[in-house]
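Worksheet: the structure to be examined is printed underneath.
Any read-out appearing in this document is the output of simple, stated calculations on the displayed coordinates, not a laboratory observation. Bear in mind the structure is a predicted one, so any value in this text is a computation, not a measurement. Using ideal geometry, Cβ is built from the backbone for each residue, glycine included, and neighbour counts are taken over all protein chains shown.
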Amino acid sequence: ISIISDRVLTKPVIRGPTNQTVTMGNNVTFECTVVMSRLQPRIQWVKHYKVNDSYMSPSGDPYIKLLQQSNFNVTDPEVLHLPDVTLDDAGWYTCLVSNSLGRSYQSAWLTVEVIHKNQFMTNMDNDHIPVHSTKSTIQKIRNRRHTKSGQNRNQSKQKQKPPPYEKKRTPDTRVRPGAQEE
């Protein structure tokens with residue numbers, strides 16, 4: 001009699017993490033979901049780094065730093081939290097998941113952007129928009145621009161007259177030094 005098992009034993013199947021872009025000082029969360037592993041998986045998070053402008057050693061091994069693994073006191077080993085990121089946190093991260101039948105891995109890139117406190121973009125109407133503006137801030141600026149352009153149209157329809165106390169001069173009118181105006 002042969003017994004056919006409904007369990008397929010394979011190396012882990014995983015999904016994620018994904019590339020992310022974040023502003024310096026914010027938090028980042030990478031997720032690596034174990035989709036299938038009938039055997040107990042071991043989860044590790046590593047960050048790659050360069051030596052002599054290479055991510056690989058002469059022997060072909062990657063230069064990596066272990067950040068966290070599932071046998072440490074980690075509440076959720078499928079998640080890597082990076083609080084208050086700096087430029088040093090930018091780079092290549094990999095989630096490694098292994099069981100007794102093999103290893104799977106997925107990598108993602110973290111880009112960290114620097115926004116200076118007073119960094120602005122200028123649009124066609126010379127409105128200054130903070131680079132890190134939200135959609136609502138940009139909408140307020142657009143509304144203000146439409147209001148301004150409506151005012152400009154109304155002002156151009158009315159010819160402005162000089163105040164009555166100013167004498168209108170033409171380009172040919174010259175006042176000689178020492179002479180009095182009439």
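Gain on full extension, evaluated as 0.36 nm per residue between residue 65 and residue 103 minus their Cα-Cα distance, stands at 11.9 nm. Amide H to amide H distances under 5 Å link residue 63 with 49, 56, 57, where only residues 5 or more positions off or on other chains count and H is placed in the peptide plane. Going from the fewest other Cβ atoms within 10 Å to the most, the residues 97, 34, 22 appear in the order 22, 34, 97. Residue order for 87, 39, 110, fewest other beta carbons within 10 angstrom first, comes to 87, 39, 110.
On the basis of the beta-carbon distance and an R0 of 22 Å, residue 20 and residue 74 show a calculated FRET efficiency of 0.65.
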